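The values are calculated or read from the model by the stated rules, or taken from the named source; none is laboratory data. What you are looking at is a predicted structure, and each value in this text was computed from that prediction instead of being measured. Neighbour counts are summed over all protein chains in view; Cβ atoms, including those assigned to glycine, are modelled from backbone coordinates with ideal geometry. Calculation scope for accessible area: heavy atoms of the full protein, side chains included, ligands and nucleic acids excluded. Shrake-Rupley method; radii C 1.70, N 1.55, O 1.52, S 1.80 Å.
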Amino acid sequence: MHPDLSSPKKTIINFLKPFIKKYDYLVLSNKNYKESFSWLEKTKIKFIYPAIDPLSRKNLTIDPLTARRILEQFNINFLNPLLLQVSRFDKWKDPLGALKAYYIAKNKMPNLQFVLAGFFFAQDDPEAKAIFSTVEKHAKGDPDVFLFANPKRLQKIDNELFINALYTSSDVVIQKSIKEGFGLTVTEAMWKEKPVIAGRTDGTSLQIKNNKNGILIDTAEEAGNIIVKLFKNEKLRRKLGKAAKESVKEKFLFSRFLLENIKLYK
Ligand code: UDP
């Protein structure tokens with residue numbers, strides 16, 4: 001987890017202060033977060049960007065046919081366009097905003113499908129169930145909206161493989177977050193060469209250069225219009241996707257993360 005530390009609660013930082021002070025270094029994922037630790041010597045703060053493991057089951061390239069077979073078990077139609085958001089049912093991930101963007105696009109693209117995958121694996125996420133219910137209510141039984149929250153639904157399919165199949169089969173990925181410390185889901189989708197539309201946050205802005213390797217948005221309306229624009233323009237989707245993969249290769253793979261950690265420990 002990479003929490004957004006742009007405006008942390010003072011009480012929590014104060015509680016953590018004595019613990020943090022005991023360590024040799026504090027590693028932050030974003031330079032913008034150093035303000036919250038002004039009481040720590042500058043030399044004790046290091047910055048290491050998070051990364052993904054390209055060899056994990058989630059991030060390895062899989063055959064599109066394998067991906068399609070997995071998703072067909074859940075009635076997702078590979079012939080129709082697919083929009084995806086992978087994230088916990090959390091207010092800062094703004095699943096309702098993502099759903100709103102989908103409905104704006106759906107008005108112009110009646111066959112659009114939307115998958116929202118946020119399995120309840122974490123036991124420390126009490127709000128997730130309530131948020132899930134609200135999203136479910138707003139989707140009103142729309143057969144083109146697929147909500148995944150209960151891990152039991154996967155039966156024998158491994159979560160990592162399922163998420164991989166979703167990324168592989170989707171045409172556009174949205175991450176409508178309002179707050180995002182980094183956003184590994186953005187990295188994962190970019191690694192899969194997908195055009196990503198992400199809420200403008202500290203974490204997503206670190207990864208996406210607007211209109212170059214993805215698109216940053218501020219509102220659901222904006223996201224909805226961009227979804228339509230992207231679906232109309234395959235060339236643009238490909239261009240953004242290719243640039244996205246290149247940028248992950250350059251900056252956000254595990255090899256670089258490992259090297260920086262080794263240097264720090266040395
Ligand atoms: N994830 C998953 N299954 C889900 C939802 C999320 O495996 O149903 C994974 C996702 O692929 C990513 C991580 O959980 O690797 C979420 O990381 P991120 O930095 O995007 O958000 P966080 O949940 O840490 O705020």
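Accessible area per residue, 1.4 Å probe, Å², for the stretch 1-47: what's the number?
77 Å²
Aspartates and glutamates near residue 249 by alpha-carbon distance under 19 Å, same-chain residues fewer than 8 away left out - which ones?
Leaving aside aspartates and glutamates fewer than 8 places away in the same chain, those within reach of residue 249 are 53, 188, 193, 260.
Longer than 30 Å from Cα to Cα, which of 93/242; 42/179; 34/212; 58/106; 31/140 are they? Say none if no pair is.
Exceeds cut-off: 31/140.
Stokes-Einstein D for the chain at 4 °C, 1.567 mPa s, Kirkwood Rh over Cα pairs, in µm²/s?
So the translational diffusion coefficient is about 67 µm²/s.
From the helices alone, meaning DSSP H stretches of at least four residues, give me the mean residue ellipticity at 222 nm for the chain, per-run term -39500 (n - 2.57), in deg cm²/dmol to the nearest 500.
After summing the helix terms and dividing by the residues of the chain, the value is -13500 deg cm²/dmol.
Could you give the length gained on full extension between residue 160 and residue 34, defined as 0.36 nm per residue of separation minus the Cα-Cα distance, in nm?
Net length gain for the segment: 42.1 nm.
Test of the criteria: in the stretch 106-194, which trypsin sites (Lys or Arg not before Pro) are in a DSSP loop and have at most 13 other Cβ atoms within 10 angstrom of their Cβ?
Passing sites in the stretch 106-194 are 140, 156.
Would you work out which of 166, 132, 248 lies farthest towards the positive end of the dipole of the stretch 112-266, given +1 charges on the beta-carbon of Lys and Arg and -1 on that of Asp and Glu, about the Cα centre?
248
Roughly how far apart, in whole Å, are the Cα centres of the stretch 211-263 and the stretch 6-49?
The stretch 211-263 and the stretch 6-49 have Cα centres spaced 28 Å from each other.
Which of the DSSP-defined H helices in the chain satisfy a minimum axial length of 27 Å, computed from C-alpha atoms, and a minimum mean Kyte-Doolittle hydropathy of 0.0?
The qualifying helices: there are none.
Would you please name the chymotrypsin sites (Phe, Trp or Tyr not before Pro) within the stretch 43-94 that are DSSP coil residues with at most 15 other C-beta atoms within 10 Å of their C-beta?
Taking the stretch 43-94 and a limit of 15 other Cβ atoms within 10 Å, the loop chymotrypsin sites (Phe, Trp or Tyr not before Pro) found are 74, 78.
Where a ≥ b ≥ c are the square roots of the eigenvalues of the C-alpha gyration tensor, would you call the stretch 55-176 rounded, which needs a/c under 1.5, or, failing that, prolate if a/b is larger than b/c, or oblate?
Verdict is oblate for the stretch 55-176.
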